[in-house]
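The values are calculated or read from the model by the stated rules, or taken from the named source; none is laboratory data. Values in this document were obtained by computation on a predicted structure and should not be read as measured data. Quick reminder, even Gly has a Cβ in these numbers, built from the backbone with ideal geometry, and neighbours come from all protein chains shown. Just so you know, the surface numbers come from the protein's heavy atoms only, side chains and all, with ligands and any DNA or RNA stripped out. Shrake-Rupley method; radii C 1.70, N 1.55, O 1.52, S 1.80 Å.
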Amino acid sequence: MMMKTALLSILLLEYSTAFQPAASTSLPRQLHPLQQAAAAADDGGSTNKKGDNKAMAFLRSKGRIGGAANMDFANAMGLDESPSGGSQKDTTGGTKKSKAAYVSCTTSGVIDDMSDPFPFTSSGSQWLGITDRVMGGSSNGSLTRETIDGKLANVLRGNVSLVSGNNGGFIQMATDLSLDPSEDAFVDAEKFDGIELEVYCESSSTEENFNVHLRNPACDRQMSSYRATFEVRPGQWATVRLPWDAFEGYGPGPEVTPFVPILRRLGVVSIGEVKDVVLAVGNVGFFSVI
């Protein structure tokens, strides 16, 4: 048992290393102050390629990552809630279009319209499933691409469990937003007014609450993010708009830093409440008030 525990600790440590932000060698000449701070924090970073290969091979062998259109991520390493927010890797065996074939989400206003094969987004990134298990939780789930009530969507299924009174239990789907993180890990969404998404859920309750979590350069610690809550009535598709001023800072950094939409990652989250989850997300992007 001690040997198994030690081996698991080593593999988790190696996988965590794989998601640390890589050092940036070329940045745009003019950066937002928050991007400058993030770039400075990233200086001197390194990536353990050998550890990455070992960890990814282990996770593939356990079915935690891969090109299948059904992602079981019961024990997946947290990205959105990991130290420094992580750095998303291509963890699928599927075929992705060339970078030149994509349009940045801040140019089109579309993060994902579900037109590309799962798990890729239509803006050139990819979706990943994340749970609280890396922090000792026991929530689990799966992420699939399905047609729900006539609409193609990402479907998050699972259950949120709270351990020892900890209200931080969660499952979520998340995606990075930058088309080319090697040039800049962040996108500037300041010309927009907020996040818009189409959602559908199944539940015996009359309504359910979910969150959108955003990470920007101020979110350099575990569990740090800017969060907004939305309500969904089960059994029907609805369009949700979350203006920038709806997002509140949680954790070191965001709690003392006003929100600025210079964004690294977006997550759609079920958090802090014991429940079974069936949440579908159709189109997701930015909106502007005309």
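Listing for the model above:
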| quantity | calculated |
| --- | --- |
| Pick from the stretch 228-252, criterion without any contact (Cβ under 8 Å) to a residue 40 or more places away in the chain, open to solvent by less than 70 Å² (accessible area, probe 1.4 Å) and assigned to a strand (DSSP E or B), ranking: farthest from Ala185 (Cα to Cα) | Phe230 |
| Hits in the stretch 204-223 - residues which are out of contact with any Ser or Thr (no Cβ under 9 Å at 6 or more places or on another chain) and either of a type in the set (Ser, Thr, Tyr) or within 13 Å of Ala174 (Cα to Cα) (or both) | Ser204, Ser205, Thr206 |
| So Phe259, is it touching a Phe, Trp or Tyr at 6+ places or on another chain (Cβ under 6 Å), open to solvent by 20 Å² or more (accessible area, probe 1.4 Å) and touching a residue at least 24 places away in the same chain (Cβ under 8 Å) | yes |
| Close pairs from the stretch 101-119: first on the phi > 0 side of the Ramachandran plot, partner among the polar types (S, T, N, Q) and open to solvent by less than 60 Å² (accessible area, probe 1.4 Å), Cβ under 9 Å, at least 6 apart | Gly109/Ser288; Met114/Thr121; Met114/Ser122; Met114/Asn154 |
| Residues being assigned to a strand (DSSP E or B), open to solvent by 40 Å² or more (accessible area, probe 1.4 Å) and either over 16 Å from Arg264 (Cα atoms) or among the aromatic types (Phe, Trp, Tyr) (or both) - total across the stretch 179-197 | 1 |
| In the stretch 127-151, the residues that are within 15 Å of the chain's Cα centre (by Cα), crowded, with 20+ Cβ neighbours inside 10 Å and of a type outside the set (Val, Ile, Thr) | Trp127, Leu128, Gly129, Asp132, Gly141, Leu143 |
| Subset tally (residues that are buried (at least 24 other Cβ atoms within 10 Å of the Cβ), touching a Cys at 6+ places or on another chain (Cβ under 9 Å) and of a type outside the set (Val, Ile, Thr)) for the stretch 113-123 | 1 |
